[in-house]
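Colleague: Handing you a structure now.
The values are calculated or read from the model by the stated rules, or taken from the named source; none is laboratory data. Fair warning: this is a prediction, and the values are worked out from it, not measured in the lab. Neighbour counts are summed over all protein chains in view; Cβ atoms, including those assigned to glycine, are modelled from backbone coordinates with ideal geometry.
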Amino acid sequence: MPSKPGAGEAGERADSGWFADDGFWTDYAPLLFGGERWAEASSVVDSILALAGTPAGAPVLDLCCGPGRHALEFAAKGHPVVGVDITEPYIAAARESAEALGLGAEFICADARRWSRPGAFSLAVNLFTSFGYFETKAEDEAMLARVAESLAPGGILAMELVGKETAVRDFTEGEWFERDGKLVLTEFEVVGAWEGLRNRWIVVDGTERVDRSWVQRLYSATELRESLERAGFATVRLFGSYSGAPYDQNAERLLAIAEK
């Protein structure tokens, strides 16, 4: 499976930004991608396929795919899949998993702002709040524009993230918990007028300590719809859960189904 964009593609790995630090993602991988996260991937994929109306065997792009938990599920359900992520260790792990499972998924290490494969996919997904990482909103929208380029006419992008509305509703200044024998302390601070959240995670494992901070931009449902429309999507449906519940005061998450 190729590790670089092929003919007719655009893309390169970024060399700046907290999100481009492989060490950040490998430090937190055990917390982000535990067994429970992997176990729920199959039902998430089924829900997306149903909401998007994606036909059997349609090609799928998983942008910001991490170690491939959703991409591998799409492949297992018979879809040709390409997973793209900026973190080399995640891409290596995804390739190893695909080989071990006998799946033909393709995994590429590239920057989501720059990578595209024009008109190649019927469905694209961007899940697990893998959006709002870049320094400017224009860069976020550049990523969405590359996704639109990669979709065939009538193609669908499914995005799942923490919406600004639910972030405000559920805000806490911090908490602590134990996971896999590690003590995890978190701190959260509002940036600007709820433009984003500053996150700090401290993980203590015996005598070892990892302490990292980052800022992630928040999008309301209306702001996300407007960004998607500017990027080239004709219609945007918004939901509050994978079951298709409305995005209202009871929403669990912000789920957008955008059609090119």
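Colleague: Filter the stretch 204-245 down to residues that are part of a loop (DSSP other than H, G, I, E, B) and either more than 12 Å from L161 (Cβ to Cβ) or not aromatic (F, W, Y) (or both), then give me how many there are.
Modeller: 14
Colleague: So which residues in the stretch 130-157 are surrounded by 18 or more Cβ atoms within 10 Å (Cβ to Cβ), of a type in the set (V, I, T) and not in a helix (DSSP H, G or I)?
Modeller: Listed by number, the list holds a single entry, I156.
Colleague: I've got another one for you. Go through the stretch 148-158 and report how many residues are under 15 Å from P59 (Cβ atoms) and either charged (D, E, K, R) or in contact with a helix residue (DSSP H, G or I) (Cβ under 9 Å, 6 or more places away or on another chain) (or both).
Modeller: 5
Colleague: Of all residues in the stretch 99-118 being over 12 Å from A71 (Cβ atoms), of a type in the set (G, A, S) and over 15 Å from the mean Cα position of the chain (by Cα), which is surrounded by the most Cβ atoms within 10 Å (Cβ to Cβ)?
Modeller: Top of the filtered list is S116.
Colleague: Oh, and also: Hey, can you tell me all the residues within the stretch 232-245 that are under 17 Å from the mean Cα position of the chain (by Cα), touching a residue at least 40 places away in the same chain (Cβ under 8 Å) and either over 10 Å from A221 (Cα atoms) or not assigned by TED's automatic domain parsing to the domain that holds E40 (or both)?
Modeller: Y242
Colleague: A further question follows. Given (1) in contact with a helix residue (DSSP H, G or I) (Cβ under 8 Å, 6 or more places away or on another chain); (2) closer than 14 Å to S122 by Cα, identify the lone condition not met by A58.
Modeller: (1)
Colleague: When the stretch 233-248 is examined, which residues are found to be small (G, A, S) and surrounded by fewer than 17 Cβ atoms within 10 Å (Cβ to Cβ)?
Modeller: A234, S241, S243, G244, A245
Colleague: Which one of F121, F131 is within 30 Å of L185 (Cα to Cα) and aromatic (F, W, Y)?
Modeller: Being within 30 Å of L185 (Cα to Cα) and aromatic (F, W, Y) holds for just one of F121, F131, which is F131.
Colleague: Is it the case that A167 is among the small types (G, A, S), closer than 29 Å to I48 by Cα and surrounded by 20 or more Cβ atoms within 10 Å (Cβ to Cβ)?
Modeller: yes
Colleague: Something else now. Would you check which residues across the stretch 51-72 are in contact with a strand residue (DSSP E or B) (Cβ under 8 Å, 6 or more places away or on another chain) and either part of a loop (DSSP other than H, G, I, E, B) or outside the structural domain of A98 (by TED's automatic domain parsing) (or both) and list them?
Modeller: G53, T54, P55, A58, P59, C64, C65, G66, G68, listed by residue number.
Colleague: For a quick check of your reading of the model, give me the residue pairs whose first member lies in the stretch 193-206 and is touching a residue at least 24 places away in the same chain (Cβ under 8 Å), whose second is crowded, with 16+ Cβ neighbours inside 10 Å and assigned to a loop (DSSP other than H, G, I, E, B), with beta-carbon atoms closer than 8 Å and at least 6 apart or on different chains.
Modeller: That search, which allows pairs on different chains as well, returns W194/L218; G196/G132; G196/L218; L197/L218.
Colleague: Looking at the stretch 176-186, is at least one residue farther than 30 Å from G119 by Cβ and in a loop (DSSP other than H, G, I, E, B)?
Modeller: For the stretch 176-186, residues farther than 30 Å from G119 by Cβ and in a loop (DSSP other than H, G, I, E, B): present.
Colleague: So is F121 crowded, with 18+ Cβ neighbours inside 10 Å and modelled with pLDDT under 95 or not?
Modeller: no
Colleague: If you don't mind, another one. Do we find that D248 is assigned to a loop (DSSP other than H, G, I, E, B) and either over 17 Å from the mean Cα position of the chain (by Cα) or within 25 Å of D22 (Cβ to Cβ) (or both) in this structure?
Modeller: yes
Colleague: In addition: Any idea how many residues of the stretch 251-260 are closer than 20 Å to R217 by Cβ and assigned to a strand (DSSP E or B)?
Modeller: 4
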